[in-house]
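First comes the structure, then the notes that go with it.
Bear in mind these aren't lab numbers, they're just calculated from the coordinates by the rules spelled out. Since we're looking at a predicted model, the values are computed, not measured. Glycine also receives a Cβ, built like all others from the backbone with ideal geometry; neighbour counts cover every protein chain displayed.
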Amino acid sequence: MKRERILDVLPQSIRVLLEQEQLRYACLQEMRLRVDKPLLLIYDGRERMLRNRRDGPYIVSKEDVREMLEYVSNYSLYAYEQEMRQGFITIEGGHRVGMTGQVILENGKIKNLRYISSINLRMSHEVLGCADEVFPYITVKRQVHHTLIISPPRCGKTTLLRDIVRQVSDGNQWIDGMVVGVVDERSEIGGCYKGVPQNQLGIRTDILDCCPKVEGMMMLIRSMGPEVIAVDEIGTTEDVHAVEYAMHCGCRLIATVHAESMEELRRRPCFDHMIARKQFERYILLGNQSRVGQVEGIFDSSGSLLYSCHTPAGCYES
Amino acid sequence: MFLKMIGISLIMCTTFLGGGMAADKIKVQYEQLKYLQKLICRLRSEIRYAKSYLGEAFYQIGMAEKSPYREWLLGMSEQMEEKKGGRFLEIWEEQTKKNLHNSGLSKETLVRLMDFGGQLGGTDVEMQVKALELYQEEIELSMEEIREEMRTKMRLCHCLGIMSGIFVIILLL
């Protein structure tokens, strides 16, 4: 299925080459197409150059980029106007297609992109069970804590969030199944296709696809009565206020944020306030030093370390 | 004499029918343009208000339309959904040639329709809607031209049918 979804958006000539390479699609992390430059893959953590029939590097043409854009957008780029402004489109399966080119400005703001010259296809990886190790720390009395996942880019925060959502929704040995509302602004958590999530999010999950976080959280609270709300990549002051509002409404919050460490997060004005008020009860710090998705540490609301990957589990448990 | 009379009536009937068919063709052409304009209007609404993908919009519109437009739209939608490759313009041209060559639209209209495919799928909703509006106006102009000349042309076709019949009869007698 994943293989088909990826091949479906690639230009014909690259599809043929990939088929010949006989890749394991689970190991494919990124694919970078730049006009007049070699096609590069990030495969199993390493960069790899795709070769053509003459054993030279495959050079990406303008036509390849144009063809791929048609497939990515279902032949309808206009339907992705909003996403193009952000520089990426999320396709079926939650894979992200980033692009660069010439920016069209209107009143000083980005209106759209044209003459697209580079495309980066980033694969979404669903890793069932990747949240198993964090559950003992983020649950109490069969309820989930307000949890914030902190991670630099490409360390698997969305993958971890997705598996937490699935397990909270289905229930497991640590928690009873709860109604989860997901606001999936970039279609990366659920990888929705026509509103239906293609990734496993559990039996009690309602998902708002392509919806701005702030409005989405309010909509979910009013309409679906979620016990837990999950959002990806909070970052703005509005996001933080919406998260606080949802917490005051009695919902448990599970969110992710871009940061290298707890210290870096504390330095950000809106998060500093939030940490000081101990609104999140657990912080999960991810890294990729030994492997992608490595849980570096789990902290409680006051920032005390509960778990560290460098120390045997449970050593720091308070 | 009796045989001659039958021959004359047969020739007259044939040429009269021929003239009638030529006149009908003009009428059909006008009606088909009107229908095409309606389809473009629906496509514009789907894009403007629902922001549907072209494939989705073709499917929605195609399901409610009559043949051959139904086959044309559903064919394109299916081919786009299959994602077996092929640029949009290729799909559009292929399906237009396959399904609309006998629709009653004139050759010029079909050529213009195929070219119009190149303007679909752009990066901007506004631009897309404007392109559709412009094409609608073009159709409206063509319809106006046909409407102005329709009566004269139809009468001419009928007359030519009868006249050619008389001419053939005189020639044979």
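In terms of packing, defined here as the mean over residues of other Cβ atoms within 10 angstrom, the peptides A:52-60, A:101-109 line up highest first as A:52-60, A:101-109. For the Cα atoms of chain A, what angle does the longest principal axis make with the long axis of helix A:237-248, in degrees from 0 to 90, nearest 10? Once rounded, the angle reads 40 degrees. Using the Cβ-Cβ distance between A:Glu263 and A:Val140 with R0 set to 25 Å, the FRET efficiency works out to roughly 0.45.
Among B:Phe88, B:Phe2, B:Phe167, A:Phe88, the order by Cβ neighbours within 10 angstrom, fewest to most, reads B:Phe2, B:Phe167, A:Phe88, B:Phe88. About its Cα centre, the protein assembly as shown has a charge dipole of approximately 960 debye under the convention of +1 per Lys or Arg Cβ and -1 per Asp or Glu Cβ, with nothing else charged. Sorting A:Tyr80, B:Tyr59, A:Tyr115 from the fewest to the most surrounding beta carbons within 10 angstrom yields A:Tyr115, B:Tyr59, A:Tyr80.
Hey, if you put +1 on the Cβ of every Lys and Arg and -1 on every Asp and Glu Cβ in chain A, which of A:Ile275, A:Leu39, A:Ile254 ends up farthest toward the positive end of that dipole? So the residue we want is A:Leu39.
Computed over the alpha carbons of the stretch A:21-122, Rg followed by Dmax gives 14.7, 49 Å. Once both labels are positioned 7 Å from their Cα atoms along Cα-to-Cβ, the gap between A:Ser61 and B:Thr152 label points is 5.0 nm. Cα-based values for the stretch A:83-136, radius of gyration first and Dmax second, are 16.4, 51 Å. In summary, the convex hull built on the alpha carbon positions of the stretch B:32-154 has an orientation-averaged projected area of 7.5 nm². Return the FRET efficiency for the residue pair A:Tyr25, A:Asn172: r is the Cβ-Cβ distance, R0 is 25 Å, and the value is rounded to the nearest 0.05. About 0.35, to the nearest 0.05. Seen against the Cα atoms of chain A and their longest principal axis, helix A:62-72 is set at about 40 degrees. So, R0 is 22 Å and r is the distance between the beta-carbons of B:Asp115 and B:Ser45; what FRET efficiency does that work out to, to 0.05? Here the calculated transfer efficiency is 0.45.
Residue-normalised convex hull volume from the C-alpha trace of the stretch A:132-308: 105 Å³ per residue. Size of chain A: Rg and Dmax of its alpha carbons, in Å, are 20.5, 63.
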